Amino acid sequence: MSQRAQQKDESRDRILGAAAQLLRDKGAGGTSVDAAMRGAALTVGAFYAHFDSKEELLAQAFARAMDEMGELVRVAAADQAGLAGLSGVVGTYLSQEHLRQARHGCPLPAVTAEASVAHDERLHELAAQGLTTMHARLLGIASGEVDADDALALVSVLVGSQMLARATRGTPMSDKLLEAGRRAAEALLSKETR
């Protein structure tokens, strides 16, 4: 690969990284081309050398954020399968650290909150795609110890609790929501052992 091609790949990677952080922190509406390019320390004029449209940038930034979230989920499961692995995911996903580090965490709370009030089919599709991916990851960790319906309920508890905790951050309600989410998730998982 030529040096120019390598530099172009590195620039594209920086743009995607900046856009993925914006998407997680501010949603699709807060992920402008200008802000992504500023975050990548590049000029706006260079954008079209890497992407055809803002929509392409959003789709690829969301895919990257979901891939990074997949790695966080894997680490949270601590290479354990079944209920123990899922319990690790619950503890990490509904932690204060994840709440504070939204720019590096799961994009689903921001994207689903925004999609719930948007009249934008592309945003609805991104949210559905991301939730489907999260569901599949949890099923993979579950190794047959949790059925598909309960894994989807767990996705709802995780994403919904984190979204509400972020919406109320800085208030006592935020902590209460994370704790309630952890209890609900653990109750769901303990149902599987009965």
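Structure values in brief
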| read-out | value |
| --- | --- |
| Residue satisfying condition, being assigned to a helix (DSSP H, G or I), more than 29 Å from MET163 (Cα to Cα) and acidic (Asp, Glu), within set GLU10, GLU55 | GLU10 |
| Odd one out for VAL157, checked against (1) open to solvent by 10 Å² or more (accessible area, probe 1.4 Å); (2) part of a helix (DSSP H, G or I); (3) over 18 Å from ALA76 (Cα atoms) | (3) |
| Residue count, region 86-109 (criterion: at pLDDT 95 or above, open to solvent by less than 10 Å² (accessible area, probe 1.4 Å) and either of a type outside the set (A, V, I, L, M, F, W, C) or assigned to a helix (DSSP H, G or I) (or both)) | 7 |
| So ARG137, is it closer than 21 Å to GLN60 by Cα, open to solvent by 10 Å² or more (accessible area, probe 1.4 Å) and either in a helix (DSSP H, G or I) or among the hydrophobic types (A, V, I, L, M, F, W, C) (or both) | yes |
| Count of region 31-70 residues which are surrounded by fewer than 22 Cβ atoms within 10 Å (Cβ to Cβ), without any contact (Cβ under 8 Å) to a residue 40 or more places away in the chain and more than 30 Å from GLY85 (Cβ to Cβ) | 20 |
| Pair list, Cβ < 7 Å and 6+ apart or interchain, from region 99-119 residues that are farther than 20 Å from GLY17 by Cβ to residues that are open to solvent by 90 Å² or more (accessible area, probe 1.4 Å) and of a type outside the set (A, V, I, L, M, F, W, C) | LEU99/ARG169 |
| Restricting region 161-176 to residues that are assigned to a helix (DSSP H, G or I) and farther than 20 Å from HIS104 by Cβ, the residue that is most open to solvent (accessible area, probe 1.4 Å) | LYS176 |
| Among (1) free of Cβ contacts under 8 Å to residues at least 40 places away in the same chain; (2) touching a Lys or Arg at 6+ places or on another chain (Cβ under 8 Å), the one test that LEU16 misses | (1) |
| Selection from region 71-85 of residues that are open to solvent by 10 Å² or more (accessible area, probe 1.4 Å), of a type in the set (A, V, I, L, M, F, W, C), assigned to a helix (DSSP H, G or I) and in contact with a helix residue (DSSP H, G or I) (Cβ under 9 Å, 6 or more places away or on another chain) | LEU72, VAL75, ALA76, LEU83 |
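The values are calculated or read from the model by the stated rules, or taken from the named source; none is laboratory data. Treat the numbers as computed from the prediction; the structure is a model and nothing was measured. So basically every Cβ, Gly included, is an ideal-geometry build from the backbone, and we count neighbours across all protein chains shown. Heads up: the accessible areas ignore ligands, DNA and RNA and are worked out on the full protein's heavy atoms, side chains in. Shrake-Rupley method; radii C 1.70, N 1.55, O 1.52, S 1.80 Å.
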